1. Please specify each residue of the range 120-160 satisfying the condition of being at negative phi and over 17 Å from the mean Cα position of the chain (by Cα).
2. Which one of these is in contact (Cβ under 8 Å) with a residue 40 or more places away in the chain, surrounded by fewer than 21 Cβ atoms within 10 Å (Cβ to Cβ) and farther than 20 Å from residue 200 by Cα: 73, 27, 52, 62?
3. Give me a count of the residues in the range 183-211 that are over 17 Å from the mean Cα position of the chain (by Cα), over 25 Å from residue 141 (Cβ atoms) and not in a helix (DSSP H, G or I).
4. Could you list, in sequence order, the residues of the range 162-181 that are over 15 Å from residue 140 (Cβ atoms) and either assigned to a helix (DSSP H, G or I) or free of Cβ contacts under 8 Å to residues at least 24 places away in the same chain (or both)?
5. Could you check, for the range 7-24, whether at least one of its residues is assigned to a loop (DSSP other than H, G, I, E, B), touching a strand residue (DSSP E or B) at 6+ places or on another chain (Cβ under 9 Å), over 18 Å from residue 83 (Cα atoms) and without any contact (Cβ under 8 Å) to a residue 40 or more places away in the chain?
6. Quick check on this structure: which one of 208, 156, 184 is surrounded by 18 or more Cβ atoms within 10 Å (Cβ to Cβ) and among the aliphatic types (A, V, I, L, M)?
7. Has the range 32-54 got at least one residue that is assigned to a helix (DSSP H, G or I) and more than 14 Å from the chain's Cα centre (by Cα)?
Amino acid sequence: MPEPFDFAQKIALVAGGTGGLGGLIAAELRARGCIVTTVSRSHSSDTAHISADLRSPEAISAVINTIVERHGALDIVINAMGVVAFGPLDATSIDTIEELFLTNTFAHIFLMKEALKCARQGSVLVGISGVIAEQNLPGMSVYGSSKAAVRSFNEALTREARRSGVRVIDARPPHTETGLSSRAIAGDPPKMPVGLDPMKVAQRIVQAIADGETDLPSTSFSDGLIAN
């Protein structure tokens, strides 16, 4: 059994940390004793927030360098950023396709590549690919593909990072009530059943860090496995 993860004074970065899920993850990490920096394109008066466009590798490098200069380390990186689009492929523009992959896939790869440069033994990197990465759906083919690519990347990164003592977690929560579908960059969302409570999903992801887990399939977010 792995040793329990000690959150006290650990330095964490939450990308997409002002979003419906990212903000809750950041709050949960702080509640456990972490020093958290949130990053997103949104502006905030919070001094622990950095406004940056993480679709740019240069911006990612600058953000991580800033965190390491401020705190001397980076122990946890969680990527909770993402965009969604709906509609059949023949109605999906090239710009939308490019934006889905740039934000969901390329930015994730850029972020993890840069994080590995300063991740020390015992650090944890988390990517949220989502249930769509397990089974893609019509009307979401490009979005689903961008997230499936994240899952595949995380699977390989888990093995690569293990050599340096760095743990990677791929989280695939089912539909969660974060409001993301209402902010689609294209198309209209289909009618979906009520999703999971984002607070419980945030708690489950952070608990996975605590428990030494490396994979969070959609089934691990069932009611019986999510802390109340």
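Throughout, read-outs are computed from the coordinates displayed, never taken from laboratory work. Because the structure is predicted, anything quoted here is derived from the model rather than measured. Cβ atoms come from the backbone with ideal geometry, glycine included; neighbour counts cover every protein chain shown.
1. Hits for the range 120-160 are 120, 121, 135, 136, 137, 138, 140, 141, 142, 159, 160.
2. Criteria check complete, one pass: 73.
3. Qualifying residue count for the region: 0.
4. Those that are over 15 Å from residue 140 (Cβ atoms) and either assigned to a helix (DSSP H, G or I) or free of Cβ contacts under 8 Å to residues at least 24 places away in the same chain (or both): 162, 163.
5. yes
6. It is 208.
7. No, the range 32-54 contains no residue that is assigned to a helix (DSSP H, G or I) and more than 14 Å from the chain's Cα centre (by Cα).
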